[in-house]
Amino acid sequence: MAKITFNIGGVHPDDSKIAKDRPIEVLPLPQTVWVSMAQHLGAPAKPVVAVGDKVLAGQVIAEPGGFISAFVHSPVSGTVKSIAPRKDLAGNNMTHIEIAVEGDEWVEGVDLSDTLVTAIPEDRQAILDKIKACGVVGLGGATFPTHVKLNPAPGSVAECLIINGAECEPFLTSDYRIMLEKTKEIIVGAAIMQKVLGGCRCVIAIEDNKPEAISAMRKALGELGYSNMEVLPLMKKYPQGGEKQLIDAVMHRQVGSGALPISVGAVVQNMATALAVYEAVQKNKPLVTNTLTVTGDCLPVEKQHNYLFRIGMPLSYIAEYAGGVPGDAAKIVSGGPMMGKAIANLDACTVKGSSSLLYLSEAMTKRGEQSACIRCGKCAQACPMGLEPFLLYRLYKAGNTDELEKNAVHDCIECGCCLYSCPANIPLLDYIRQAKGQVLGIIRARAAAAKAAAEAAKTNEKK
Ligand code: SF4
Ligand code: SF4
């Protein structure tokens, strides 16, 4: 059993990887897809097609809306039927491009074969340009544009690229399946990113509840023969896949409050992102596919699946294809049971970062009756960010945003470990999430006011 893990807090929920032995199946195309313009962190993309246009799979249909943004490509060939607001997973209105599916004809130059391409291009900037042009974003949850993350600001030096294979959320198995089924492609993708970052050390970190993935990665790495790259088994502990926790486990370095991983020489990329980078750089394939798990405690084993989906597929279509929503599903979640978000609307469509359709029963979701805090301190012991959730909860109740900021509520990664540990069933995460939103709003407003004051001072100086 691996002993390496992060130092502060964490919990050990049952991993419930029920779908782990289900190979990835390719979902057939639906009749219509709706492609969201907000598939990434940052500014929404801007459509560059018009209603009535014919598009091919892999064709650019929207361009970045800012520096932190990403290209969006058509996942199918067909005709643009509308460009209009539609409800996303959270129930918010977002512009979607509706495409009537007429086939699966791809733009020229995309290599859809299974042939492994190992020769890595020499030109660093050309690699970054290709990753950007293919719309690659981080697929571990944050969907931060990958070409930006792989290009640290001048003065920052990447010492270690960590490929995140923790997949520490219960139930989810899509990363596990690609580790088994796209092993060498992921390693080549990691080597491409390692090259872009200047040839730093690369660690493929995998929790030890996935021994087959660890063996497969080690074998493939030996066969490919890349240097300065290793597979590191980690002890199973939630939330090991959090960036700061993974950096602590692998590099024994702590990322400060509000700081980025690069401040301690780290860059973290997810397994699926490494695969997307491989496909972009070596196969010229834009990011229009990803893998998700259909799973849950109230879904029979034979209805659990890992699917290769196209972006823009309605979740209702996937649910129906997988055998329908179980009658005893009390909650449907996108993501894992700890950090995932409840799906407000099954007509919402998949996005680049979709990772699951998770059905949870009432037994899994029902909270016990809430009682008063008994000051047991279990929430603080469990918090991987070293926060004091019981204190944050009380400060929120008192409306004390000054003290909430002093106690770093904005560092909360919303992992839910406090909620999971609390014997009094206090909905700590709900309160802390609200408090974090308030404090982040105050911090942003303060920064904007300071910027405006500095600009005004500069203008006055010129006069
Ligand atoms: S949700 Fe926030 S406060 Fe609670 S354990 Fe996680 S990081 Fe700590
Ligand atoms: S775990 Fe719950 S009961 Fe214990 S100190 Fe934290 S909030 Fe109070």
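Please treat every number below as a calculation from the coordinates, not as lab data. Keep in mind that this is a model prediction, so the values were computed, not measured. Please note: Cβ atoms are built from the backbone with ideal geometry, for glycine as well, and neighbour counts cover all protein chains shown.
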Q: Report Rg(Cα)/(2.2 N^0.38 Å) for the range 124-283, keeping two decimals.
A: 0.95
Q: Would you grab the residues whose amide H sits under 5 Å from the one on residue 234? Only those 5+ places off in sequence or on another chain, please, with H modelled 1.01 Å from N.
A: 206, 207, 208
Q: In whole angstrom, note down how far apart the Cα centers of the range 148-172 and the range 29-108 are.
A: 27 Å
Q | Under 14 Å, Cβ to Cβ, from residue 69 - net charge with Lys/Arg +1 and Asp/Glu -1 | A | +3
Q.
Can you compute 3J(HN,Hα) from phi for each residue in the range 273-278, using the Karplus curve 6.51 cos²θ - 1.76 cosθ + 1.60 with θ = phi - 60°, rounded to whole Hz and x for Gly and Pro?
A. 5, 4, 5, 5, 5, 4
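Can you divide the C-alpha Rg of the range 75-199 by 2.2 N^0.38 Å and report the result to two decimal places?
On the way: Rg = 17.8 Å, N = 125, 2.2 N^0.38 = 13.8 Å.
Relative to the 2.2 N^0.38 Å estimate, the range 75-199 comes out at 1.29.
Please report, in cubic angstrom per residue, the volume enclosed by the convex hull of the alpha-carbon atoms of the range 164-235. Please list the in-between numbers first.
Details: hull volume 5.8 nm³, N = 72.
Each residue corresponds to 80 Å³ of Cα convex hull volume.
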Q. Non-local amide H neighbours of residue 11 (under 5 Å, H modeled in plane, Pro and chain starts lacking H): which ones?
A. 238
**Q.** Mean-position separation - Cα centroids, the range 204-226 and the range 273-327, in angstrom
**A.** 23 Å
Q: Per residue of the range 248-257, in order, report the coupling 6.51 cos²θ - 1.76 cosθ + 1.60 (Karplus, θ = phi - 60°) as ³J(HN,Hα) in whole Hz, putting x for Gly and Pro.
A: 4, 5, 8, 10, 6, 10, 10, 7, x, 4
Q | Compactness of the chain - radius of gyration and Dmax, Cα, Å | A | 22.3, 74
Q: Please work out the FRET efficiency for the pair residue 114 and residue 215, using the Cβ-Cβ distance as r and a Förster radius of 25 Å; give the result to the nearest 0.05.
A: 0.70
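Only helical DSSP H runs with n ≥ 4 go in: add -39500 (n - 2.57) per run for the chain, normalise by residue count and round the 222 nm mean residue ellipticity to 500 deg cm²/dmol. Intermediate values should be presented prior to the final figure.
On the way: 14 runs with 144 residues, N = 463.
So the calculated ellipticity at 222 nm is -9000 deg cm²/dmol.
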Q) In terms of Cα to Cα distance under 18 Å, which aspartates and glutamates are near enough to residue 451, apart from those fewer than 8 places away along the same chain? A) 461
Q: Only Lys, Arg, Asp and Glu count, each charged at its Cβ (+1, +1, -1, -1), so figure out the dipole size of the range 124-283 about its Cα centre, rounded to 20 debye.
A: 300 debye
Q. If we count every other residue with Cβ under 14 angstrom of residue 413's Cβ, Lys/Arg +1 and Asp/Glu -1, where does the sum land?
A. -2
Q | Pairwise label distance in nanometres, residue 361 with residue 125, each label 7 Å out on the Cα-Cβ vector | A | 5.9 nm
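Give, as a single signed number, the net charge of other residues whose beta carbon lies under 15 Å from the beta carbon of residue 247, with Lys and Arg counted +1 and Asp and Glu -1. Please report the intermediate quantities before stating the final value.
Numbers: positive: 149, 201, 237, 244, 253; negative: 159, 243, 248, 411.
Once positives and negatives cancel, what remains is +1.
Quick one: work out the % antiparallel among DSSP beta bridges in the chain, nearest 5. Let's see the in-between values first.
On the way: 36 of 61 bridges.
In the chain, approximately 60 percent of DSSP beta bridges are antiparallel ones.
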Q. If you take the charge dipole of the chain about its Cα centre, with +1 on Lys and Arg Cβ and -1 on Asp and Glu Cβ, which of 284, 147, 232 is farthest toward its positive end?
A. 147
Q: Please name whichever of 128, 428, 338 sits farthest to the positive end of the charge dipole of the chain, dipole taken about the Cα centre and charges placed at Cβ: Lys and Arg +1, Asp and Glu -1.
A: 428
Q: Mind listing the long-range amide H neighbours of residue 270? Cut-off is under 5 Å, sequence gap 5 or more, other chains count too, H placed in the peptide plane at 1.01 Å from N.
A: 139, 140, 164
Q: List the pair-distance distribution P(r) of the range 378-458, using every Cα-Cα distance, as the percent of pairs falling in each 10 Å bin from 0 up to the bin containing the longest distance, rounded to whole percents.
A: 20, 45, 21, 11, 4, 0
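Treating only the Cβ of Lys, Arg, Asp and Glu as charged (+1, +1, -1, -1), what charge dipole size does the range 124-206 show about its Cα centre? Round to the nearest 20 debye.
Details: 9 positive and 7 negative charges, 68 e Å.
The calculated dipole for the range 124-206 is roughly 320 debye.
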Q) Put +1 on the Cβ of every Lys and Arg and -1 on every Asp and Glu Cβ in the chain; which of 295, 6, 398 then has its Cα farthest towards the positive end of the dipole? A) 398
Q: Show which lysines lie in cross-link reach of residue 397 when reach means a straight Cα distance below 25 angstrom and same-chain residues fewer than eight apart are skipped.
A: 341, 366, 378, 406, 436
Q) Between residue 181 and residue 434, what is the FRET efficiency for a Förster distance of 41 Å, r being their Cβ-Cβ separation, to the nearest 0.05? A) 0.50
**Q.** Alpha carbon Rg of the range 315-458, scaled by the compact-globule rule 2.2 N^0.38 Å
**A.** 1.32
**Q.** Dipole magnitude of the chain about its Cα centre (Cβ charges: Lys, Arg +1; Asp, Glu -1), debye to nearest 20
**A.** 1260 debye
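Of 17/219; 237/352; 54/130; 184/285, which ones are farther than 20 Å apart at the Cα? Before the final figure, lay out each step's value.
Details: 17/219 23 Å; 237/352 26 Å; 54/130 24 Å; 184/285 17 Å.
Listed pairs above 20 Å: 17/219; 237/352; 54/130.
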Q | From phi via Karplus (6.51, -1.76, 1.60), per-residue ³J(HN,Hα) for the range 161-168 in Hz, x at Gly/Pro | A | 9, 9, 8, 7, x, 5, 5, 7
